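Structure first, commentary second.
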Amino acid sequence: MHNMNILITGSPGTGKTTLVRTLCRRLEDFKPAGFYTQEIREKGKRLGFELVSLDGPGMILAHTGFSTDYKVGRYGVDASGFDRFLERLSLEKTQTGLIIIDEIGKMECFSQKFHALVNAALVSPRPVLATVAAKGGGLIAAVKKRPDVEVAELTLQNRNELASELEMRIRSFLSGSASKDP
């Protein structure tokens, strides 16, 4: 049976992470593994991004206060901390039915471990639900061109229906694959 890989893209602010968090909750019976990103805000200003692991400690990926060699806009990116975070992720756990990656973006692409993790996840038999930056070269462009992925664009118009549609499709895929196991 072929694998199911869905990449959600869309302009900033359309709600990609909100969609992923909703699907994490709705599909928790399949024990999703991976992470999502959330903004760190103070007094209404975005100061950085935190990674929330679905099964372990999270980390601050990027912050305006970080002084590192890796920068995206005004944010310093903790690439070595991200590598350590990725080593703790247990995406190959046997009880995991779904891999969540939010997001395949410029900050995450500083890590070669992340490139390897994304490529391994996409060829694994487990379905992958990931968000991917709307613009960018390298890994961002490469994953969107893969023949084994489907790219779904999230817009303000379709964001209410897309969560239910994706939940139904992933549920159906996972239910179908579970009944075929010996």
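The values are calculated or read from the model by the stated rules, or taken from the named source; none is laboratory data. Treat the numbers as computed from the prediction; the structure is a model and nothing was measured. Please note: Cβ atoms are built from the backbone with ideal geometry, for glycine as well, and neighbour counts cover all protein chains shown.
Annotations
- Condition met for residue 76 (small (Gly, Ala, Ser), in contact with a strand residue (DSSP E or B) (Cβ under 7 Å, 6 or more places away or on another chain) and farther than 20 Å from residue 21 by Cβ): yes
So that you can scan it fast, the table gives a plain yes or no per residue for (1) farther than 28 Å from residue 153 by Cα; (2) β-branched (Val, Ile, Thr); (3) out of contact with any helix residue (DSSP H, G or I) (no Cβ under 9 Å at 6 or more places or on another chain):
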{"site": "22", "(1), (2), (3)": "no, yes, no"}
{"site": "28", "(1), (2), (3)": "no, no, yes"}
{"site": "45", "(1), (2), (3)": "no, no, yes"}
{"site": "50", "(1), (2), (3)": "no, no, yes"}
{"site": "59", "(1), (2), (3)": "no, no, no"}
{"site": "77", "(1), (2), (3)": "no, yes, no"}
{"site": "88", "(1), (2), (3)": "yes, no, yes"}
{"site": "96", "(1), (2), (3)": "no, yes, no"}
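- Taking the conditions (1) farther than 14 Å from residue 34 by Cβ; (2) at pLDDT 95 or above; (3) surrounded by 15 or more Cβ atoms within 10 Å (Cβ to Cβ); (4) within 14 Å of the chain's Cα centre (by Cα) in turn, residue 129 satisfies each one other than (1).
- Entirely in the range 3-115, the strands (runs of 3 or more DSSP E) that have 3 or more residues that are within 27 Å of residue 125 (Cβ to Cβ): 5-9, 33-42, 45-53, 99-104
- In the range 135-168, of all residues being under 15 Å from residue 4 (Cβ atoms) and over 16 Å from the mean Cα position of the chain (by Cα), the one that is surrounded by the fewest Cβ atoms within 10 Å (Cβ to Cβ) corresponds to 147.
- Qualifying residues in the range 31-52 (those that are over 27 Å from residue 142 (Cβ atoms) and surrounded by 15 or more Cβ atoms within 10 Å (Cβ to Cβ)) - the one farthest from the chain's Cα centre (by Cα): 47
- Within the range 128-151, residues that are over 18 Å from residue 98 (Cα atoms) reach partners that are in a loop (DSSP other than H, G, I, E, B) and of a type in the set (A, V, I, L, M) with beta carbons closer than 6 Å, at six or more positions or on different chains, in the pairs 140/133.
- Among the residues of the range 69-108, those identified as under 22 Å from residue 137 (Cα atoms), among the hydroxyl-bearing types (Ser, Thr, Tyr) and surrounded by 15 or more Cβ atoms within 10 Å (Cβ to Cβ) are 70, 75.
- Which listed residue is out of contact with any Lys or Arg (no Cβ under 9 Å at 6 or more places or on another chain), of a type in the set (A, V, I, L, M) and in contact (Cβ under 8 Å) with a residue 40 or more places away in the chain, from 51, 23: 23
- Being in contact with a Pro (Cβ under 8 Å, 6 or more places away or on another chain), at pLDDT below 95 and not aliphatic (A, V, I, L, M) is a description that does not apply to residue 155.
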